[in-house]
Amino acid sequence: MPWIPASSAKKLVASQAVKLAEGETLRVESFKGDRWLEVRRSGPTLVIREHGFRDATYEVQESEVRQLLGKLIDFEFPRSHQLRVSKSKS
């Protein structure tokens, strides 16, 4: 899933984040790659790293991930039309 429309990114990324297995990372980047979000599973919680306008790390339950990702995507990618989404094992 290399490029997706920013308008559908919230729903797609949140649904993929909940399905992550231990050791998998989901990364959402802007076109230039200078801003990104990473979602990683850590036991029963998900760790979200934000790099761009703010540098922050959040640890949330699965029930909270959709709302937080929606806010972060809106904040980090306000003018983006396409976002790059990649999944990797670490």
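Net charge near Lys32, counting Lys/Arg +1 and Asp/Glu -1 over other residues with Cβ under 15 Å of its Cβ? So the environment of Lys32 carries a net charge of +1. Of the chymotrypsin sites (Phe, Trp or Tyr not before Pro) found in the range 14-78, the ones in coil according to DSSP and having at most 14 other Cβ atoms within 10 Å of their Cβ are Phe31, Phe53. Between the listed residues Trp36, Val85, Leu20, the Cα displaced farthest toward the positive end of the dipole of the chain, a dipole computed from Cβ unit charges relative to the Cα centre, is found at Val85. Taking 7 Å steps out from each Cα toward its Cβ at Glu22 and Asp34 produces label points 3.9 nm apart. Spherically averaged projected area of the convex hull of Cα atoms, the chain: 5.1 nm². Here's the list of aspartates and glutamates a cross-link from Lys11 could span, going by alpha-carbon distance under 15 Å and ignoring same-chain residues fewer than 8 apart: Glu62, Glu64, Asp74. Listed by chain and number, the aspartates and glutamates placed with their C-alpha closer than 13 angstrom to that of Lys71 are Glu50; residues fewer than eight positions away on the same chain are left out. With a cut-off of 15 Å on the backbone N, the residues of the range 59-90 near the modelled label site 7 Å out from Val47 along Cα-Cβ are 59-61, 89-90. Computed with every protein chain present, the accessible area of Arg66 is close to 140 Å² [probe 1.4 Å].
The values are calculated or read from the model by the stated rules, or taken from the named source; none is laboratory data. Since we're looking at a predicted model, the values are computed, not measured. Note that each Cβ is placed from the backbone with ideal geometry, even for glycine, and that neighbours are counted across all protein chains shown. Keep in mind that these areas ignore ligands, DNA and RNA; they rest on the heavy atoms of the full protein, side chains included. Shrake-Rupley method; radii C 1.70, N 1.55, O 1.52, S 1.80 Å.
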